[in-house]
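S.K.: Below you'll find the structure I mean.
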Amino acid sequence: MTISAKGISVLESAASVCVLTGAGISAESGVPTFRGKEGLWSKFKPEELANFRAFINNPDLVWEWYTYRKNVMKDVKPNPAHLALAEMERIVEDFTLVTQNVDNLHQRGGSRNVYELHGNIERSYCIDCRRPEQNVMLDEQGKAPRCKSCGGLIRPDVVWFGELLPYETFQMGAAAAARCDLFLLIGTSGIVYPAASLPLVARDHGAYVLEVNQEYTDLSSRVSETIVGKAGVIVPEMLASMKNTRKRGTNSE
Ligand code: BJW
Ligand code: ZN
């Protein structure tokens, strides 16, 4: 599906752009999404594993899930959608990238300023003494990692259901959504809140909300335009429209 004439004109002229990405932007890199047929770990729904109670009840199982995902992420690379967003950051005057993803692919693709709403899978910390840990996984016996300092359980530094998002990060995202002319909603099912409220904040403040997804979502009826297609194809096309009217380096430090 192609971008409408109105969409192209907003892409060409927007001075303030806010982007929210979800798992779909990393799908073409080989990172499984959470939901749907090809969703992550089809034996469990994300709601069943991504919560603190599940972790306390069965830390070994939750760590098996994260260990599997960390291993997948070791072998993947940013795709053209990540690279295009990194370039947008350099050419748009006021550009904010907010992600629900924990996979580091935006940073690896060259984005400098990434607001991570749901944490980062590379970081972990002890639930008792809060000591941070890097690169921990299940041990050889399939047991959840323990703190070297106090013996407490280590958990991934991500946001589970029922937990608060990092306050300042969310506020920065909400402020960017409220002031932008163009909001790009890329590769998210839009069912997890409060992240899914950001495009609605943008819309309520008068922004043009452009969704990119390989299918229609719960948010599609509430956005200005949905482009059905793969992020790795559509986002570079959006960048090309933006470049029509801008020079590289406008927003470089
Ligand atoms: C492509 C593609 C391609 C594929 N190109 N597209 C208001 C209303 C109702 C409920 C709530 C509410 N406010 C809060 C809640 C509760 C809850 C919630 O939202 N529940 C819903 C499920 C109903 N939210 C929370 O609990 C949040 N905390 C909170 O609100 O705190 C306040 C509070 C405190 C105490 C009590 C109550 C409230 C926290 C949410 C944390 C979410 N965490 C996870 C796990 C992170 C760690 C990890 O990675 O393991 O975040 S769950 C999982 O879902 C992950 C994702 O970031 C998130 C969103 O998923 P995403 O990215 O959209 O992926 P998918 O798989 O769903 O969709 C992929 C999309 O890509 C699809 O649409 C495809 O079509 C598309 N696609 N290939 C383009 N090539
Ligand atoms: Zn500890």
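FYI, it's all coordinate maths here, none of it is from the lab. Here the structure is a predicted model, which means the values were calculated and not measured. When we count neighbours, we look across all protein chains shown, and the Cβ atoms used for this are built from the backbone with ideal geometry, even at glycine.
S.K.: With +1 assigned to the C-beta of every Lys and Arg and -1 to the C-beta of every Asp and Glu, and no other charges, what is the dipole magnitude of the chain about the Cα centre in debye, to the nearest 20?
M.R.: Working: 28 positive and 30 negative charges, 60 e Å.
My answer is approximately 280 debye.
S.K.: In segment 162-253, which trypsin sites (Lys or Arg not before Pro) are in a loop and have at most 14 other Cβ atoms within 10 Å, using DSSP for the loop call?
M.R.: Numbers: sites: Arg179, Arg203, Arg222, Lys230, Lys243, Arg246, Lys247, Arg248; in loops: Lys230, Arg246, Lys247, Arg248.
Here the trypsin sites (Lys or Arg not before Pro) that fit, given the DSSP loop and packing criteria, are Lys247, Arg248.
S.K.: Mind counting lysine pairs for me in the chain? Cα separation below 17 Å, and the two need to be 8 or more apart along the chain or on different chains.
M.R.: 5
S.K.: Please work out the Kirkwood hydrodynamic radius for the chain, using every pair of different C-alpha atoms, and report it in angstroms with one decimal place.
M.R.: Details: mean 1/r = 0.0531 Å⁻¹.
Hydrodynamic radius (Kirkwood, Cα pairs) of the chain is 18.8 Å.
S.K.: Something else now. Mind checking the full-extension length gain between Arg179 and Val72? Use 0.36 nm per residue of separation minus the Cα-Cα distance, one decimal, nm.
M.R.: Separation in residues times 0.36 nm, less the Cα-Cα distance, equals 34.9 nm.
S.K.: Label Glu12 and Asp204 with points 7 Å out from Cα along Cα→Cβ: what is the distance between them in nm?
M.R.: Those two pseudo-labels are separated by 3.3 nm.
S.K.: Further question: Amide H to amide H under 5 Å from Val159: which residues, 5+ apart in sequence or cross-chain, H placed 1.01 Å off N in plane?
M.R.: Gly119
S.K.: Search the structure for amide H atoms under 5 Å from the amide H of Arg131, placed 1.01 Å from N in the peptide plane, and list their residues when 5 or more places away or on another chain.
M.R.: Excluding prolines and chain starts, which carry no amide H, the hits are Cys126.
S.K.: What FRET efficiency, computed as 1/(1 + (r/R0)^6) with R0 = 45 Å and r the Cβ-Cβ distance, is obtained for Ile56 and Glu225, rounded to the nearest 0.05?
M.R.: Calculated transfer efficiency: 0.55.
S.K.: Right, next: Just to verify a number: FRET efficiency for Glu163 and Asn113, C-beta to C-beta distance, R0 = 25 Å, to 0.05?
M.R.: Efficiency at R0 = 25 Å is approximately 0.60.
S.K.: I need the calculated FRET efficiency for the pair Leu153 and Asn244, taking r as the beta carbon distance and R₀ as 51 Å, to the nearest 0.05.
M.R.: 0.45
S.K.: Also, I was wondering about something else. For Tyr208, which sequence-distant residues (separation of 5 or more, or a different chain) have an amide H within less than 5 Å of its own amide H, given hydrogens modelled in the peptide plane?
M.R.: Leu182, Phe183
S.K.: State, as an integer percentage, the relative contact order of the chain based on alpha-carbon contacts under 8 Å between residues 6 or more apart.
M.R.: Worked out over the chain, it gives 26 percent.
S.K.: Work out the P(r) tail for segment 113-216: percent of alpha carbon pairs separated by more than 19 Å, whole number.
M.R.: Numbers: 2979 of 5356 pairs.
Here the tail beyond 19 Å accounts for 56 percent of pairs.
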